[in-house]
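Data first, discussion second: the structure below is written as structure tokens.
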Amino acid sequence: MLWETFLLAQRTIRRNVLRSSLTILGIVIGVAAVITMVTLGSGATAKVTSDIASLGTNTLHVRPGQGMRGPGGARTSADAFTVEDAEAIRNNVAGLVAVAPTASASSQAIHGSANWSTAITGTTNAFFQVKDWALARGRLFSEGETKAGKSVCLLGQTVRKELFGEASPLGQTIRLGKISFKVIGTLQEKGQSGFGTDQDDLVVIPLRTLQRRINGNTDVQSMLVAVGDGVATTAVQGHIEDLMRERRKIRSDQDDDFHVRDMKEIIDTLTGTTTVLTALLSAVAGVSLLVGGIGIMNIMLVSVTERTREIGTRLAIGALEREVLMQFLVESVVLSTFGGMIGIALGLCAAGLGSYFIGVPFVFKPGIVAASFLFSAMVGMVFGYVPARKAARLNPIEALRYE
Amino acid sequence: MTSGFTPPLIEFHKVAKVYGQGTAAMRALDGVDLSVRAGEFVAMMGPSGSGKSTCLNILGCLDTPSEGSYHFEDVPVERLSRDQRALLRRHFIGFIFQGFNLLNRTSALENVELPLIYRKVPARVRHEKALEALTAVGLANWAHHAPGELSGGQQQRVAIARALVGQPRVLLADEPTGNLDSVRSREIAAMLREFNRQKGITIVMVTHEPEMAAYADRQIHFQDGTITMDKQNGETP
């Protein structure tokens, strides 16, 4: 009987193709929107995650506290670290692969007539290990260059392009501010970071060179710590915090004047943001599903009124109330699930195109497809119920005479 | 049949139908006693508002009496639920209407199959029986035409096929010729009498045309909710 009802429903729907299409349009748009949003959102999350992973996932970032309130409400900055702090971490904390003390400055990089404003990072070779960053050409700093603070540099790809174009920079000299540096190598391209900054726009020089010749102090502004695979970063983080409190002579009743941040936290924060955004957009799209449901209810009510005589005839012939109810309910569920299927197809196409154009991976989520399908069926059932009940409760005598 | 006595198929005992309440109450039927035996062909006549249609609706279990009792083959209809009455109609009662009430954009064959669908008859048997019923009303060649492509007389014949396809105990006809010209009306009336004579189908027909009533064996006249005359055709009242 259910099969008969299904056949009847799809025959009734096909009898008025235009109206049926308009009826399901709301559902189609709603489902398509939800599918598109969720698929693109998942793509964005995947992209952010992989971008941040390129920064090095097992990395801890140790920075002095900033914006702390000093006496009288003045904003003060906590003391910087020193090279000795980095060495202490390297020697005292277990499970580490490398510790890179870094300091930075910004400057004009000049070669011949080419002039480019860029960031300068002063660090040791450990920096490339922590960042998992390989050389494109040339060599790393020698031990002597690091210790003595020689004027040598490695170029990021953006700086290389801006200063040298197609020419080879190796062995050439560039000026950073007033100081000349010899180019000993170039770094491989990293592309944009998850935060949208160009990671290749930098010049790397020995830490000591930067401290002495550019910044004129012995500050280490941050330390990058690479944790070994399979080592719990939270434990390492705790050890570093304890060690730094000790070295910076922080009393037990005082707060830390530095942070140790896990890159994983940053990933979680960022993916959390995209997830919330996706959920919000999907909720908005979900509202159009609701509106689509109301559209179905509206048309089904009209259809029941139009077919009053048919219903009367069926009741006279001996249809039970529940059979008439079923007939109209199945009709609206068939309509809405059909709309759902078209919406899913459309949504996946739109998401495919969208992910191509905004440059995020296409992430197919079977869960959301199944959920959309079920939800559209449910919309048909919920919004078809009122019209179907109206049909089933008609008085056969009045229905038979209805003009 | 041993003694020539047939037990009544339909039996009304002081049946009344009241619409509204209190002083505004309208007694559409007012204490009607009536019995119809299997195999009879009855015409119910009377002016509009006389109660004949109300009587037919109650006969057809579409409506329930406000007072009195109605037995259909000894089943007390006034005690049945809406669904039970629907099942009674499904299995024992066939209807034809003034407006034919065929489903649009559905072939004649499918229209005739409708009662069998509700009886859960398998599709193949359904087709055969429906075709048989259409053949009986002379429309075998029109089986796949939609009602809109048929003349009024043909549509009413499809409706008759639909009413009879399930071999009901009684065929109830509500002004079956009301929308037809006199030639088609006579055709339909003759066809009903033919089915009554040949197959012994019990027919109760509401009409206001004496010419149509003449095809029946028995005429019942209504006036103001009561029966004013009940006679066999050929008798003088």
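The values are calculated or read from the model by the stated rules, or taken from the named source; none is laboratory data. This one's a predicted model, so the numbers in the text were calculated from it and none came from an experiment. Virtual Cβ from ideal backbone geometry, glycine too; neighbours counted across all protein chains shown.
Pairs linking a residue in the range A:78-101 that is in contact (Cβ under 8 Å) with a residue 24 or more places away in the chain to a residue that is acidic (D, E), with Cβ atoms under 6 Å and 6 or more positions apart or on different chains, are A:A78/A:D257; A:A80/A:D219.
In the range A:113-130, is there at least one residue being touching a residue at least 24 places away in the same chain (Cβ under 8 Å) and farther than 27 Å from A:P64 by Cβ? Yes, the range A:113-130 contains at least one residue that is touching a residue at least 24 places away in the same chain (Cβ under 8 Å) and farther than 27 Å from A:P64 by Cβ. Evaluation of B:E73 against the conditions (1) within 9 Å of another protein chain (Cβ to nearest Cβ); (2) charged (D, E, K, R); (3) within 20 Å of the chain's Cα centre (by Cα) shows that the sole unmet condition is (1). The set of residues in the range B:94-110 being at the interface with chain A (Cβ under 8 Å from one of its Cβ atoms) and under 13 Å from the mean Cα position of the chain (by Cα) consists of B:F95, B:F97.
Evaluation of B:E113 against the conditions (1) within 9 Å of chain A (Cβ to nearest Cβ); (2) more than 14 Å from the chain's Cα centre (by Cα) shows that the sole unmet condition is (1).
All conditions but one from (1) in a loop (DSSP other than H, G, I, E, B); (2) without any contact (Cβ under 8 Å) to a residue 60 or more places away in the chain; (3) surrounded by 15 or more Cβ atoms within 10 Å (Cβ to Cβ) apply to A:S168; the one that does not is (3). Within the range A:134-159, the set of residues being part of a strand (DSSP E or B) and not small (G, A, S) comprises A:L135, A:R137, A:V152, A:C153, A:L154, A:L155. Would you check if there is a residue in the range B:156-175 being of a type outside the set (D, E), farther than 20 Å from B:M44 by Cβ, in contact with a Lys or Arg (Cβ under 8 Å, 6 or more places away or on another chain) and in contact (Cβ under 8 Å) with a residue 12 or more places away in the chain? Yes; the residues of the range B:156-175 include at least one that is of a type outside the set (D, E), farther than 20 Å from B:M44 by Cβ, in contact with a Lys or Arg (Cβ under 8 Å, 6 or more places away or on another chain) and in contact (Cβ under 8 Å) with a residue 12 or more places away in the chain. From the list B:R119, B:R89, B:R85, B:R37, the lone residue that is in contact (Cβ under 8 Å) with a residue 12 or more places away in the chain, surrounded by fewer than 21 Cβ atoms within 10 Å (Cβ to Cβ) and within 14 Å of A:G318 (Cα to Cα) is B:R119. Residues in the range A:230-241 that are part of a helix (DSSP H, G or I), surrounded by fewer than 16 Cβ atoms within 10 Å (Cβ to Cβ) and not hydrophobic (A, V, I, L, M, F, W, C): A:T234, A:G238. On the stretch given as the range B:31-70, residues that are among the aliphatic types (A, V, I, L, M), within 25 Å of B:E194 (Cβ to Cβ) and within 14 Å of another protein chain (Cβ to nearest Cβ) total 2. Being within 13 Å of another protein chain (Cβ to nearest Cβ) and in contact with a Leu (Cβ under 7 Å, 6 or more places away or on another chain) is the requirement here; does B:A140 meet it? It is false that B:A140 is within 13 Å of another protein chain (Cβ to nearest Cβ) and in contact with a Leu (Cβ under 7 Å, 6 or more places away or on another chain). Of the residues making up the range A:169-176, none is at pLDDT below 90, over 28 Å from A:E84 (Cβ atoms), assigned by TED's automatic domain parsing to the domain that holds A:Q192 and not aromatic (F, W, Y). So which of A:I13, A:I29 is assigned by TED's automatic domain parsing to the domain that holds A:G380, within 13 Å of A:S376 (Cα to Cα) and touching a helix residue (DSSP H, G or I) at 6+ places or on another chain (Cβ under 6 Å)? A:I29 is the lone residue from the list that is assigned by TED's automatic domain parsing to the domain that holds A:G380, within 13 Å of A:S376 (Cα to Cα) and touching a helix residue (DSSP H, G or I) at 6+ places or on another chain (Cβ under 6 Å).
Does the range A:307-324 include one or more residues that are closer than 30 Å to B:R162 by Cβ, over 35 Å from the mean Cα position of the chain (by Cα), in a helix (DSSP H, G or I) and away from chain B (no Cβ under 14 Å)? Within the range A:307-324, none of the residues are closer than 30 Å to B:R162 by Cβ, over 35 Å from the mean Cα position of the chain (by Cα), in a helix (DSSP H, G or I) and away from chain B (no Cβ under 14 Å).
Screening A:M223, A:M244 for residues that are outside any helix (DSSP H, G or I), touching a strand residue (DSSP E or B) at 6+ places or on another chain (Cβ under 9 Å), crowded, with 16+ Cβ neighbours inside 10 Å and touching a residue at least 60 places away in the same chain (Cβ under 8 Å) leaves exactly one candidate, A:M223.
Given the options A:N217, A:N298, name the one that is farther than 26 Å from A:F338 by Cα and out of contact with any Leu (no Cβ under 8 Å at 6 or more places or on another chain). Answer to the check: A:N217. Entry remark, the range A:137-165: residues being acidic (D, E) and buried (at least 17 other Cβ atoms within 10 Å of the Cβ) number 2 in total. Residues in the range A:175-196 include none that are surrounded by 18 or more Cβ atoms within 10 Å (Cβ to Cβ), of a type in the set (F, W, Y) and in a helix (DSSP H, G or I). Against the condition without any contact (Cβ under 8 Å) to a residue 24 or more places away in the chain, of a type outside the set (D, E) and in contact with a Ser or Thr (Cβ under 8 Å, 6 or more places away or on another chain), how does B:P76 come out, does it pass? The answer is yes for B:P76. Across the range A:116-129, not a single residue is classified as of a type in the set (A, V, I, L, M) and touching a Phe, Trp or Tyr at 6+ places or on another chain (Cβ under 8 Å).
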